[in-house]
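**Student:** Next up is a structure, given as structure tokens.
The values are calculated or read from the model by the stated rules, or taken from the named source; none is laboratory data. These numbers were taken from a predicted model, which means no experiment stands behind them. We place every Cβ from the backbone using ideal geometry, glycine too, and count neighbours over all the protein chains shown.
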Amino acid sequence: MPEPAALVVGGGLAGLTAAAWLADAGIDVHLVEREAVLGGNAARLGKTPEGRSVPELLEDLVSRVGGHPRIALHLSSEVVRLAGFRGELSAVVCPVGGASAERVLRVGATVVATGGAEYRGRAHGLGGLEGGSSRVLTLLELGQLLRDEPEILSEAQSVAFVGCVGPWDEPNSGVSWRCSRACCETMVRQARSLKESHPGRMVSVLVREVNTYGFREEEYTAARKAGVLFIRFDPAHPPRLELDEGRARLVVTDLALGESLAVPADLTVLAAAMLPRPDAARTAAALGIALGEDGFLREWEPKTRGLASLEPGVFVCGLAHGPKPVREVLTQALAAAHGALAHIATDRTVRPEEVASIDVKRCASCLTCVRVCPYGVPRVGGDGFPQGWPRSRPHIDEVRCQGCGTCVAECPARAIALESCGDEQLVASGAVGGWLAGTGGAS
Amino acid sequence: MSAREPQITILCCRYCGHIPMELAGIERAQYPASVKVVELPCTGGVSVLHLLKALEGGADGVLVTSCPDGNCHHLSGNKRATLRSLRRETSSKRQAWRRRGSGSCRSESDTPRRLPASFAT
């Protein structure tokens, strides 16, 4: 049986939810949080678009987790290494900045909820004009203001929102646009509330497109009815912030009119993209899991093995896995916790039908397989090798191998075979090439 | 025997490569009997040896069909297969395989008609 304990990395909304659920299910939980307080990104949120209060939700979770007899809190700490596999993981946890006080935790499964980060770059100069009569905020900062000191906002005669602000707006960034999925609904909702609280105020929303998912589309209609102006712009020509006699305005080319407009903006609010944390690569390396092409933690297969990382027993959720609204973070955290519990409760591992294996005698240790495997399965050295396996030769863990055959095709020494479709089946049997002899077609 | 039908070997993956072939059958789409299909777990596993063996065995062309970019069931096997068949194409010129060809195409599990179309090219 795997160790009946779980590690939860990250004490934000996702991590707290997963930890509380796992502990309630009777599992000992180690919750590791890098900061000195719990809460993560959620500590900056007010209400969700559904009207749910995140501070209340967070307070409830923190008190549940803090007082739970099965949860051990490791605050101001980080996981520096996660090793082992198949339900026998050992995590090395140490205080941030102090590698001396290492602790080794033995766990059966891990939930990774290390969170994401808001884009903080200076895309198209929008952040560069603070001061003057203008203020530039991000959506998250506006949310905090609306929650904590809404009276400050009453002075703004005009508010302009800009959607999809991210690294793709920086010149020559080479990053392509990605939807952060949660900002449009928040932006549209905040625009409406700013308009409704002061109907004389001009509220405009400058967007490349509006993606208010699902029933949130109704929020868009309601905002338009309330008098919020929506202006679409060409992503190749994003809005510019200018000062005109001390008043800030956004200059934008309206896609429908084809003409340049000057939109008054006493307050500019940027819907900044949700991005992977800047240290996501370091986190992924410490936990031994892979990053996707978008820089978020990669899950095994979104349709059939969602939230499972490529490492058995390690699950990802929340903003570490990709941008998403609060309601999806909560659902995902529960899903990842269920995955972890199922992993801990399972006492056997099913080996896949087709796996590649290395013939040590033919292997020249060129490490081509280590390089080409899309799953990073072949490894040299380390734990979990069969008895007597040479330390210098890569080994393919038969439980983790996905049987795609890429290493088989690339191995220069032809030292790797895939059980069901090796050269014997494909070439020697004549499946490839040999069949023509009998058909007469080649004569 | 009249004009000889070109012998084509298809190396396809189990997912976006083979499923449309099944669908093509269900739709009664016709393709020449001289086309032979070999299914692999992933086109990432198509080796240069397979391409050359097929040509050696008398195939006039080899078609590698794999998943659309970014949609490979095995994450990046399709890209690797394309790279590999391109490499073979360049090396084949040196080896005077000139008259025979190989190519690769992307198929999707719901596009059975694209396959017969790709034989024509």
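**Student:** Looking at A:Gly26, is it on the phi > 0 side of the Ramachandran plot and either surrounded by 15 or more Cβ atoms within 10 Å (Cβ to Cβ) or of a type in the set (D, E, K, R) (or both)?
**Tutor:** Criteria not met by A:Gly26.
**Student:** Select from segment A:191-221 the residues that are in contact with a strand residue (DSSP E or B) (Cβ under 9 Å, 6 or more places away or on another chain) and among the small types (Gly, Ala, Ser) and write down the one among them that is farthest from A:Asp254 (Cα to Cα).
**Tutor:** Checked segment A:191-221; the qualifying residue farthest from A:Asp254 (Cα to Cα) is A:Ala191.
**Student:** Which one is nearest to the chain's Cα centre (by Cα) among residues in segment A:267-285 that are modelled with pLDDT of 90 or more and more than 23 Å from A:Met187 (Cβ to Cβ)?
**Tutor:** Here the answer is A:Ala280.
**Student:** Taking the options A:Gly306, A:Gly288, name whichever one is surrounded by fewer than 22 Cβ atoms within 10 Å (Cβ to Cβ) and at positive phi.
**Tutor:** Being surrounded by fewer than 22 Cβ atoms within 10 Å (Cβ to Cβ) and at positive phi holds for just one of A:Gly306, A:Gly288, which is A:Gly288.
**Student:** Please find, among A:Glu245, A:Glu209, the residue that is of a type in the set (D, E, K, R), surrounded by fewer than 14 Cβ atoms within 10 Å (Cβ to Cβ) and over 23 Å from A:Tyr119 (Cβ atoms).
**Tutor:** Checking each option against the conditions leaves just A:Glu245.
**Student:** Tell me yes or no: at least one residue of segment A:325-343 is modelled with pLDDT of 85 or more, within 14 Å of chain B (Cβ to nearest Cβ), crowded, with 22+ Cβ neighbours inside 10 Å and under 26 Å from the mean Cα position of the chain (by Cα).
**Tutor:** Within segment A:325-343 (the criterion being modelled with pLDDT of 85 or more, within 14 Å of chain B (Cβ to nearest Cβ), crowded, with 22+ Cβ neighbours inside 10 Å and under 26 Å from the mean Cα position of the chain (by Cα)), the answer is no, since none of the residues qualifies.
**Student:** Follow-up. Can you find a residue that is under 24 Å from B:Tyr15 (Cβ atoms), of a type in the set (A, V, I, L, M) and surrounded by 22 or more Cβ atoms within 10 Å (Cβ to Cβ) anywhere in segment A:357-373?
**Tutor:** Taking every residue of segment A:357-373 in turn, none turns out to be under 24 Å from B:Tyr15 (Cβ atoms), of a type in the set (A, V, I, L, M) and surrounded by 22 or more Cβ atoms within 10 Å (Cβ to Cβ).
**Student:** Shifting gears a bit: Would you mention how many residues in segment A:152-200 are among the charged types (D, E, K, R), at pLDDT 90 or above and more than 25 Å from the chain's Cα centre (by Cα)?
**Tutor:** Residues in segment A:152-200 being among the charged types (D, E, K, R), at pLDDT 90 or above and more than 25 Å from the chain's Cα centre (by Cα): 3 in total.
**Student:** Considering (1) touching a Gly at 6+ places or on another chain (Cβ under 6 Å); (2) modelled with pLDDT under 80; (3) within 13 Å of another protein chain (Cβ to nearest Cβ), say which one B:Gly101 fails and leave the rest.
**Tutor:** (3)
**Student:** When you look at B:Ser85, is it within 13 Å of chain A (Cβ to nearest Cβ), modelled with pLDDT under 70 and touching a Cys at 6+ places or on another chain (Cβ under 7 Å), yes or no?
**Tutor:** no
**Student:** I'd like to verify a number: residues in segment A:358-390 that are small (Gly, Ala, Ser) and modelled with pLDDT of 90 or more, how many?
**Tutor:** 2
**Student:** Something else about it: Please give the number of the condition A:Leu82 fails out of (1) out of contact with any Leu (no Cβ under 7 Å at 6 or more places or on another chain); (2) closer than 26 Å to A:Arg282 by Cα; (3) at pLDDT below 95.
**Tutor:** (1)
**Student:** Kindly provide the set of residues from segment B:1-48 that are more than 23 Å from A:Val355 (Cβ to Cβ), in a strand (DSSP E or B) and more than 9 Å from chain A (Cβ to nearest Cβ), ordered by number.
**Tutor:** If the condition is that a residue be more than 23 Å from A:Val355 (Cβ to Cβ), in a strand (DSSP E or B) and more than 9 Å from chain A (Cβ to nearest Cβ), then B:Ile8, B:Ile10, B:Val35, B:Val37 are the ones that fit.
**Student:** So, in segment A:88-122, how many residues would count as being at pLDDT 85 or above, outside any strand (DSSP E or B) and closer than 14 Å to A:Arg34 by Cβ?
**Tutor:** Number satisfying all stated conditions: 4.
**Student:** Considering only residues of segment B:49-72 that are under 19 Å from A:Pro374 (Cβ atoms) and surrounded by fewer than 22 Cβ atoms within 10 Å (Cβ to Cβ), which is nearest to the other protein chains (Cβ to nearest Cβ)?
**Tutor:** Among residues in segment B:49-72 that are under 19 Å from A:Pro374 (Cβ atoms) and surrounded by fewer than 22 Cβ atoms within 10 Å (Cβ to Cβ), the one nearest to the other protein chains (Cβ to nearest Cβ) is B:Gly70.
**Student:** Next question. Find the residue count for segment B:49-59, including only residues that are among the aliphatic types (A, V, I, L, M) and either in a loop (DSSP other than H, G, I, E, B) or touching a residue at least 60 places away in the same chain (Cβ under 8 Å) (or both).
**Tutor:** Looking only at that region, the number is 1.
**Student:** With touching a strand residue (DSSP E or B) at 6+ places or on another chain (Cβ under 8 Å), closer than 15 Å to A:Leu139 by Cα and assigned to a strand (DSSP E or B) as the only criterion, which of A:Val269, A:Val251, A:Val188, A:Val263 stands out?
**Tutor:** Checking each option against the conditions leaves just A:Val269.
**Student:** Please verify whether segment A:346-359 includes one or more residues that are touching a helix residue (DSSP H, G or I) at 6+ places or on another chain (Cβ under 9 Å) and assigned to a helix (DSSP H, G or I).
**Tutor:** Among the residues of segment A:346-359, not one is touching a helix residue (DSSP H, G or I) at 6+ places or on another chain (Cβ under 9 Å) and assigned to a helix (DSSP H, G or I), which makes the answer no.
**Student:** Just to check your reading of the model, which residue among A:Ser204, A:Ser173 is without any contact (Cβ under 8 Å) to a residue 24 or more places away in the chain and among the hydroxyl-bearing types (Ser, Thr, Tyr)?
**Tutor:** None of the others qualify; the one that does is A:Ser173.
**Student:** Could you grab me the full set of residues in segment A:45-90 that are touching a Ser or Thr at 6+ places or on another chain (Cβ under 7 Å) and not β-branched (Val, Ile, Thr)?
**Tutor:** Result: A:Lys47, A:Pro49, A:Leu61, A:Leu82, A:Ala83, A:Gly84, A:Arg86, A:Leu89.
**Student:** State the number of residues belonging to segment A:369-400 that are within 11 Å of chain B (Cβ to nearest Cβ), in a loop (DSSP other than H, G, I, E, B) and either in contact with a His (Cβ under 8 Å, 6 or more places away or on another chain) or on the phi < 0 side of the Ramachandran plot (or both).
**Tutor:** So the count comes out to 3.
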